[in-house]
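Please see the structure below; I have some questions.
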Amino acid sequence: MQASMTQEETHDEWEQKHEEIARKYSELIERQIPEDILIQGVTVDFKLPSGGQLIIHGFRENGEIKENVFIFAAPSHYSNSFKNARRKFYRSLQRNAFVLGKGQGGRNLYLIPFENIESFMDVVDELREEFRDLEAEINAYLTEETTQEEKEYLTKVREYLEKESGVYAKDLNFKVSLNLKVSLLPLRIDSNTFMNFANDQIREKMKNSLKLLEEEFQKTRESLIHQMIGDLTYRFSEILQKLAKAAETKYTVRYDSICAAVDETMSLAMSVGLHHQIEDLAGAVKATAEVLSHKKIEEKALEMATSEIARALDIESDDPSEILKKATYDLSAMSARAAEVVRRM
């Protein structure tokens with residue numbers, strides 16, 4: 001969510017607001033990037049099975065005209081199983097990885113810190129088993145239908161396919177599990193790694209080149225850290241949106257759900273050493289969620305909890321609803337600012 005000028009704001013006020021956001025973002029960056037932070041982990045490339053694989057594609061020919069024939073070979077609940085499995089994969093990816101931006105085709109680029117790889121791959125292994133079981137179930141259905149309803153459906157499928165496209169159901173054998181592919185590529189952004197491979201003679205000959213290379217390493221490192229901070233602030237922004245809505249509408253929030261989201265974000269931040277300066281914010285968010293989880297909201301308790309959010313984000317206000325709205329806005333703007341910094345690098 002990027003800042004935009006409202007009708008009530010003058011151009012100078014709008015510029016001042018942007019400068020304030022930029023200042024806060026810069027301070028956040030400076031506080032959170034000690035020199036010993038090491039960007040290391042694995043990037044993820046993947047391909048997932050989908051319900052579209054259950055669509056049989058053939059064609060019927062009438063003179064010179066060829067028409068495509070598409071039909072689901074199995075009932076829709078099998079397709080829903082694919083959706084649930086894919087959702088489980090992306091949930092694990094969100095829990096264990098940073099979003100580093102967009103790749104070709106607009107697809108997110110992910111970095112999994114080394115300490116999160118095992119957790120992520122455990123889910124991948126579980127999904128591999130689930131897809132194998134689903135594959136066996138689908139193929140058994142195509143050849144060994146058990147209920148009258150399944151028999152009637154498959155009979156119609158067979159008749160239609162054989163008549164319209166020459167595809168015979170008895171020849172079908174789906175291999176959906178083979179389409180679950182996950183590739184991990186190690187990534188380490190550290191100029192010392194390269195310099196350690198160069199002896200004194202090479203360093204002398206390549207002095208200028210190595211200096212430029214080291215500058216590029218540093219630039220890449222900063223770019224990735226900015227992107228990770230943008231990801232973290234975006235996650236907190238989403239959490240604060242829920243709290244802001246609850247405070248405004250007096251609607252209760254699920255404390256355990258908010259805490260899980262905060263812990264997940266903190267765990268990700270901790271994996272790369274970006275957790276120290278957001279610990280206060282995390283604690284304040286949990287305290288606010290605890291107050292808003294009760295049907296009868298204690299206003300004093302809410303004021304105390306949100307005042308800690310205001311302190312963590314340098315927000316000047318005593319009103320809980322205003323603090324939460326401004327916190328959401330500022331963090332969203334910081335996230336957008338992080339993406340802007342990365343684009344300019």
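Using a 7 Å offset from the Cα along the Cα-to-Cβ direction at both residue 90 and residue 114, what is the distance between the two label points in nm, to one decimal?
Computed distance between label sites residue 90 and residue 114 equals 3.1 nm.
Return the FRET efficiency for the residue pair residue 304, residue 279: r is the Cβ-Cβ distance, R0 is 22 Å, and the value is rounded to the nearest 0.05. Could you put the intermediate results ahead of the total?
Values: r = 18 Å, r/R0 = 0.82.
According to the calculation, E is roughly 0.75.
List 233, 249 from most exposed to least, where exposure is judged by having the fewest other Cβ atoms within 10 Å.
Values: 233 24, 249 8.
Ranking 233, 249 by Cβ neighbours within 10 Å, fewest first, gives 249, 233.
Follow-up. Among the trypsin sites (Lys or Arg not before Pro) in the stretch 221-286, which ones are in a DSSP loop with at most 11 other Cβ atoms within 10 Å of the Cβ? Mind listing them?
250
Calculate, for residue 188 and residue 238, the FRET efficiency according to 1/(1 + (r/R0)^6) with r their C-beta to C-beta distance and R0 35 Å; round to the nearest 0.05. Walk me through the numbers before you get to the answer.
Numbers: r = 30 Å, r/R0 = 0.85.
So the FRET efficiency works out to roughly 0.75.
At a Förster radius of 25 Å, what calculated FRET efficiency corresponds to the Cβ-Cβ distance of residue 102 and residue 257, to the nearest 0.05?
Values: r = 28 Å, r/R0 = 1.13.
Result of the calculation: an efficiency of 0.30.
Right, here's the next one. What list do you get for 121, 228 if you sort them by fewest beta carbons within 10 Å? Don't skip to the end; give the middle numbers.
Values: 121 16, 228 24.
Starting with the residue having the fewest Cβ neighbours, the order is 121, 228.
Which links in 83/175; 245/300; 300/325; 47/286; 219/326 stretch past 28 Å when you go from one Cα to the other? Display every interim value, and only then the final one.
On the way: 83/175 17 Å; 245/300 18 Å; 300/325 18 Å; 47/286 36 Å; 219/326 31 Å.
Beyond 28 Å: 47/286; 219/326.
Here, each number is a calculation from the coordinates, and none is a lab measurement. Please read these numbers as outputs of a predicted model, since none were measured by experiment. Cβ coordinates were reconstructed from backbone atoms using ideal geometry, including for glycine residues, and neighbour counts include every protein chain displayed.
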